[in-house]
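Undergrad: Okay, handing you the structure first.
The values are calculated or read from the model by the stated rules, or taken from the named source; none is laboratory data. None of these values were measured; they are calculated from a predicted model. No Cβ is skipped: glycine too gets one built from the backbone with ideal geometry, and neighbour counts run over all protein chains shown. Note: accessible area is taken over every heavy atom of the protein model, side chains too, but ligands, DNA and RNA are not part of it. Shrake-Rupley method; radii C 1.70, N 1.55, O 1.52, S 1.80 Å.
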Amino acid sequence: MDLRPKGSAAVFVLLVLFTFCTFSEAQNLCSVTDRLIFIRENNNLGATVTTLIAEEGVMATITSQNPEGLFSLNGYDLIADTVLDFETFDQNKPHEVNIECTKADSLSTTLNLKIVVEDINDNPPAFAESQYTLNVDELSKVDTSVGLITATDPDKNDRLYYRLDSPEGEFDLEASFNPNILVKKLLDYDKIKIVTMTLYVQDTPIGSTAEVSHTASTTIVANIIDIDNRPPWFQPCTQTEFGTSKVCISSGYEGTVNLNEQAPGPLSLKPSPVIAIDGDLGRNEPIGYAFPGASEDRVFQIDTDTGSITMLKPVEVAGPIVLTVMAYQKENAHQFATTTVILRVVISSTYPPTFVKPSYEGFISKDADLDSLVLESKTSNRPLRVQATDKDFSDGYNPNLRFEVVAGTDFSITPEGFILMAKEVSPGTVNLEMRVVDTTNEESSTASLVVEVTPGGQQVKTGEFSSGDMAAVGASLAVVIVLCLVCIGLMVHRIKGHNADWKKISEASAFRSTLGGGSGGPKEGVQYCNEGFQHDADSGSVNTKLAADLENKLESGLKPQQRRGSAQDKTTPSAVLQTTSSSPPDSSSLASSDTIDGEKEVKPILTKERRNEEGYKAVWFKQDIDPSTKEEVVIIPDTGEADGGCEDDDDIEEEDNLRTDMDSDDEDGLMTEDL
């Protein structure tokens, strides 16, 4: 047994004194090796504490003990009658047992024993509370101490070691043997409001290879406190972070007031009435409102509690008015913010804008693309258009109107009043409410819109045409192209016909000159008339007039009797070559005529053959005619019946017209000098 004192200094002193006394005593009937005895707590019942050394025949008894009932003698063995506990043992006063040894005919011996209970690690550590609560200011600096939580161990000689489990490492301990809790991250109340942690304790070092004997734990709840570090925020606003700072930016407010009119109540503003909240949402300090630097002769006033703006008198100046509004904490005016309220001064109107119709109905296919137009009917591609009028304008047209859908996001309205599908819609009926607003004074009116979404069909997309429209446009263009080609063909045909008419005129002039030109005068006994040529179908054309002028000039160059003959020719009802019944001319006249014909080298030809050379025209017959006979010869237009058909009307006209042939060797023609 280890007899070294492990208790206090007082126990050690008693041991020294007791040893000194032992050596000074005379020989005793009984003794012990050490009168200061150590025994470990939690011993077994009946465990031997010490054994007496005595002579034979010596009787040993316990005369007293303090406290009573802890020990007893079994022969010479001192045994424990109870389980000793160090935690209940008074370390400054060990257990005391007095034993007396007696023998006949001998003096008795008394032994005073001191029994010290040794501590063993038999108790776990413990925290005073099962849960602890800490309040930690947001934005506390790293390594700021926020609390010290310790555990106790009944085993006096045990040293305790701690470990903290923080979810995101927000907190940690200063050391494993020092449970001082420190901040390890910057904490923002807006992001985290509570941190729940677990603190563990054990009576062996953390990370040691020794077996952990006893442990304990407790819960720590850290409440993050919102500090007063932000000014009021005007609503609505957009939050923005700059590092660890957060601001909320407001775009201000706007509204309208009528010129020379005082509004009876609080002004209506957009996007909302003036309102501000504490930027530190966890504190929610009361907010006040004011016009900083407002003069006594002011037009507007603001309620310090609600922020409502009212008018003290009418506005007498046109144009926008800009008001500066300040919101501040009533308990800490150093925390404040400002914004602007822009008021447009307008001239009030008598009538609000109204829709042309109180209700509209439109149709659109479920398969239509986004931004497709709502149609007027199921069978057309004409888009539905809503319109509005304003009686304040003489013509009803107000250029400052805005169309909008009051509720719903399925459809939208363009500034021109066309309805667009904003997102996919299931087949069925969609009931909407539209509003038209005068942007100068915000006066408005509403109308209903019922859109029937059909399962499928055609749709018109903004800026595009349907396939039916494209087909119609293509057909129209095709018709126009065909008409243009027809017109071009007619023009070509007319130009070609005009060229033929000029040829007719020149040939007629040459032929006429062979008949009436020269000193011999006209050939007598023969009259030539081409009234069919003179009365061309295009009697009003320039070519016809030119031909008539040319003929008049030719007639003016003839002798009086020749002009009379020409006049007689014109009275003939058709193109006729006529032989007269007058007496045959004399030989001198024939000779003169031969001379003229020889000089001109022009021979009118009547031929049976049909010649198709270009530029060659002749009057032809189906059989030869004897020119010496005084018969009337009538030229019948070629209708194609006798010959089995003809080319076309132009060829018939060309074949029926009289042509001259410059070939003087043709023997089949009609020679005027033989008549």
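Undergrad: Once you wrap a convex hull around the alpha carbon atoms of segment 188-276, what is its projected area averaged over all directions, in nm²?
TA: Hull-based average projected area comes out at 10.7 nm².
Undergrad: Let me ask you something else. Which far-off residues, 5 or more places away or on another chain, put their amide H under 5 Å from the one on S365, with H placed in the peptide plane?
TA: When sequence neighbours closer than 5 places are left aside, the close amide H contacts are T454.
Undergrad: Follow-up. Can you classify segment 293-350 as rounded, prolate or oblate using the Cα gyration tensor, where a ≥ b ≥ c are the square roots of its eigenvalues, rounded means a/c under 1.5, and otherwise it's prolate if a/b beats b/c and oblate if not? Don't skip to the answer; put the middle values down first.
TA: On the way: a/c = 2.50, a/b = 2.30, b/c = 1.09.
Here segment 293-350 falls in the prolate category.
Undergrad: What whole-number distance in Å separates the alpha-carbon centres of segment 134-181 and segment 312-377?
TA: So the two Cα centres are separated by 57 Å.
Undergrad: Mind checking the per residue accessible area of segment 246-359 for me, 1.4 Å probe, whole number of Å²?
TA: 57 Å²
Undergrad: Could you state the number of Å between the C-alpha centres of segment 431-446 and segment 287-301?
TA: First find each Cα centre; the distance between them is then 33 Å.
Undergrad: Any chance you could run the full-extension gain for K366 through E168? It's 0.36 nm times the residue separation minus the Cα-Cα distance, nm to one decimal.
TA: 66.2 nm
Undergrad: Report the percentage of all Cα-Cα pairs in segment 259-411 whose separation exceeds 25 Å, rounded to a whole percent.
TA: 56 percent
Undergrad: For segment 190-245, what % of the accessible area comes from carbon and sulfur atoms, probe 1.4 Å?
TA: On the way: 1540 of 2920 Å².
Here carbon and sulfur together make up 53 percent of the probe-accessible area.
Undergrad: Might you report the magnitude of the Cβ-based charge dipole of segment 377-462 about its Cα centre, with Lys and Arg at +1 and Asp and Glu at -1, to the nearest 20 debye? List each step's numbers first, then the result.
TA: Details: 8 positive and 12 negative charges, 98 e Å.
Its charge dipole is roughly 460 debye.
Undergrad: Next question. Quick check: at a probe of 1.4 Å, how many percent of the accessible area of segment 257-335 sits on carbon and sulfur atoms?
TA: Taking all protein chains in place, segment 257-335 shows 51 percent carbon and sulfur surface.
Undergrad: Moving to a separate point now. Cα atoms only, segment 112-222: Rg and Dmax in Å?
TA: Computed over the Cα atoms of segment 112-222, radius of gyration and Dmax are 17.2, 73 Å.
Undergrad: Next question, about the same structure. Can you tell me what the convex hull of the Cα atoms of segment 324-459 projects to on average, as an area in nm²?
TA: 12.2 nm²
Undergrad: Distance cut-off 19 Å, Cα to Cα: go down the list K185/K246; K270/K330; K141/K185; K141/K184; K93/K156; K193/K246 and report the pairs above it. Numbers along the way, then the final one.
TA: Details: K185/K246 17 Å; K270/K330 26 Å; K141/K185 8 Å; K141/K184 8 Å; K93/K156 16 Å; K193/K246 16 Å.
Distance filter (> 19 Å) returns K270/K330.
Undergrad: Using +1 at the C-beta of Lys and Arg and -1 at the C-beta of Asp and Glu, which of A422, L432, S444 has the Cα lying farthest in the positive direction of the dipole of segment 417-456?
TA: A422
Undergrad: Treating only the Cβ atoms of Lys and Arg (+1) and Asp and Glu (-1) as charged, compute the dipole magnitude of segment 317-370 about its Cα centre; round to the nearest 20 debye.
TA: I would put it at about 240 debye.
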